[in-house]
1. Across region 224-240, what is the number of residues that are at pLDDT 95 or above and within 16 Å of the ligand (Cβ to nearest atom)?
2. Of all residues in region 251-276, count the ones that are within 16 Å of the ligand (Cβ to nearest atom), surrounded by fewer than 16 Cβ atoms within 10 Å (Cβ to Cβ) and β-branched (Val, Ile, Thr).
3. Give the residues of region 118-154 that are touching a residue at least 40 places away in the same chain (Cβ under 8 Å), more than 15 Å from the ligand (Cβ to nearest atom) and over 16 Å from residue 304 (Cα atoms), sorted by residue number.
4. Give 320, 313, 329 a once-over and let me know the one that is outside the structural domain of residue 280 (by TED's automatic domain parsing), within 30 Å of residue 6 (Cα to Cα) and within 23 Å of the chain's Cα centre (by Cα).
5. Would you mention how many residues in region 166-223 are more than 16 Å from the ligand (Cβ to nearest atom), among the small types (Gly, Ala, Ser) and not in a helix (DSSP H, G or I)?
6. One residue is enough: does region 314-323 have a residue meeting the conditions hydroxyl-bearing (Ser, Thr, Tyr), in contact (Cβ under 8 Å) with a residue 24 or more places away in the chain and in contact with a Lys or Arg (Cβ under 8 Å, 6 or more places away or on another chain)?
7. Restricting attention to region 139-164, and to residues there that are of a type in the set (Gly, Ala, Ser) and not in a helix (DSSP H, G or I), which single residue is farthest from the chain's Cα centre (by Cα)?
8. Show me the helices (runs of 4 or more DSSP H) found entirely inside region 1-117 where at least 1 residues are within 15 Å of the ligand (Cβ to nearest atom) and surrounded by 14 or more Cβ atoms within 10 Å (Cβ to Cβ).
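The values are calculated or read from the model by the stated rules, or taken from the named source; none is laboratory data. All values derive from a computational prediction rather than experimental measurement. Cβ coordinates were reconstructed from backbone atoms using ideal geometry, including for glycine residues, and neighbour counts include every protein chain displayed.
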Amino acid sequence: MSTEKPKRIGILTAGGDCPGLNAAIRGVGKTAIVKYGMEVIGFNAGYTGLIRKDYTELEESDLSGILTLGGTILGTSREKPYKFANEGDTEKPKLIKENYKDLGLDAVVCIGGNGTMKTANRLRQEGLNVIGIPKTIDNDVWGTDVTFGFDSALQIATEAIDRLHTTANSHQRVMIIEVMGHHAGWIALYAGMAGGGDIILLPELKYNIRSVCKKIEERYESNKPYSIVVVAEGIEHPKRVSAASHIAEAIQTYTGIETRETVLGYIQRGGSPTPMDRILATRYGAFAAQCIAEENYGTMVAMKNNALTAVPLDEISDKLKLVQKDEKLIGKARRMGVSFGDEYL
Ligand code: F6P
């Protein structure tokens, strides 16, 4: 029998929530407890829990029955401990280091998006053993092909677009649907393609409203009297209105065709994860526990070419995985007549 002291680990979920967080917590926790005999605690409300020493001991039984639940049993927050109120104010990082030591932790698993990975990397630089798990509906974390949460958001957005087709057709209207993505247009691109959108506007591609209107008029003239326009929330538009209202107003003004808008909002982040997200989050979680057992710290678990890997946090911190102009799906879409609003720039 091994006389080695069992490892004690913390888990936290930070940043905007997404479907699959509980599957990831369960994946880490169960593997850590069942396979490696570790002790597990969960910090409440992201990095806030680590700062305030607000945590719960997690037994294996606490991790049963949560796989299918949306949200996060640990809660989350957008706390950024390194965003100092005043220059030189290092109170929060200091508290984190003290609490990590007091609690006798061997490692902390930080489940989150870009901001969370950036903080995790800072904690690594301060000497904490950290492992990141990438989550976000936006799918924009650098260093991994995919984040969990994306597939669930995609399903919700695609279903919404499917439903808009019938009502757009009945009324022969232009329907604008706005999906999430401030910087990255992955949801807009994928849901737009899966839902048969006619025009897709992404934050990464500069659009011209003339191109958008021309495409709609061409469709109208070729017996396609209704159109679906999928826009990411982060496309260029005046701050006082949503991206969808801005585009809807412009189209109605320039084409005279009746136009309506829908902003999908937080519905995309709520509810139960899809089977694919449950599997991905579980695989990430289980692999994170394995990384701790192997003391492969300072890394983010990732998926590359369908294989699990651990990427150094230092390589990904401060980067965003954006849709590239030469993204293959964009090329395929253009060849089918889908417009990205940039044809007449
Ligand atoms: O990171 C996911 C995301 O849903 C973005 O697409 C969105 O703009 C943002 O979070 C909004 O989150 P919140 O209002 O919770 O800060």
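1. 8
2. Matching residues across region 251-276 total 1.
3. Passing the criteria: 120, 121, 122, 124, 129, 130, 131.
4. Working: 320 fails: within 30 Å of residue 6 (Cα to Cα); 329 fails: within 30 Å of residue 6 (Cα to Cα).
From the options 320, 313, 329, the qualifying one is 313.
5. Looking only at that region, the number is 4.
6. yes
7. 143
8. The helices (runs of 4 or more DSSP H) meeting that bar are 21-30, 47-52.
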